[in-house]
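As structure tokens, the structure follows; a few thoughts come after it.
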């Protein structure tokens, strides 16, 4: 093996190492970005109907169901979690089962 071949191999190994280190960081950054946007959009959506002190939002990344969800807990119903998602650019609530509880903040599905 000549010096040139060793140099090319070292460059190749360096590039592979950098790609393997950067790829998970890019994926992590993308997920964090999507969660940030969903939280912001959900917050703005809820501000149309509620005061900012009426609710708390936590965004989640999951492997089943919608990948990105916002879990909302209202101050007057602290034991209940409402789930919101972004559906083609619209924030919508995943409707809880009304037969198990008389939910205060259930939204009617829109036909948009």
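Where q = 0.15 Å⁻¹, what log10 of I(q)/I(0) comes from the Debye formula for segment 43-112, counting one point per Cα? Debye intensities relative to I(0), on a log10 scale: -0.50. Among 22, 83, 37, which one moves the most in a GNM of the chain with springs linking Cα atoms closer than 10 Å? Comparing 22, 83, 37 in a Gaussian network model of the chain, the most mobile one is 22. Highest mobility in the GNM of the chain, judged by mean-square fluctuation with C-alpha springs under 10 Å and restricted to 43, 28, 82, is found for 28.
Relative contact order of segment 25-112, taken over Cα pairs closer than 8 Å and 6 or more residues apart, is 19 percent.
Classify segment 3-94: rounded, prolate or oblate, from the alpha-carbon gyration tensor (a ≥ b ≥ c, eigenvalue square roots; a/c under 1.5 rounded; otherwise prolate if a/b is larger than b/c)? It comes out prolate by the Cα gyration axes. Angle of helix 3-47 to the longest C-alpha principal axis of the chain, folded into 0 to 90 degrees and rounded to 10: 10°.
As a proxy for reagent exposure, ranking 48, 77 by other Cβ atoms within 10 Å from fewest up yields 48, 77. Between 12, 61, 36, where does the largest GNM mean-square fluctuation fall for the chain, given springs only between Cα atoms within less than 10 Å? Looking only at 12, 61, 36, the biggest GNM fluctuation is shown by 12. Rounded to the nearest angstrom and listed largest first, the equivalent-ellipsoid semi-axes of segment 1-44 from its Cα gyration tensor are 42, 5, 4.
Bear in mind these aren't lab numbers, they're just calculated from the coordinates by the rules spelled out. Note that the coordinates shown come from a computational prediction; the quantities given were computed from them, not determined experimentally. All Cβ positions, even for glycine, are placed from backbone atoms using ideal geometry, and neighbour counts span all protein chains on display.
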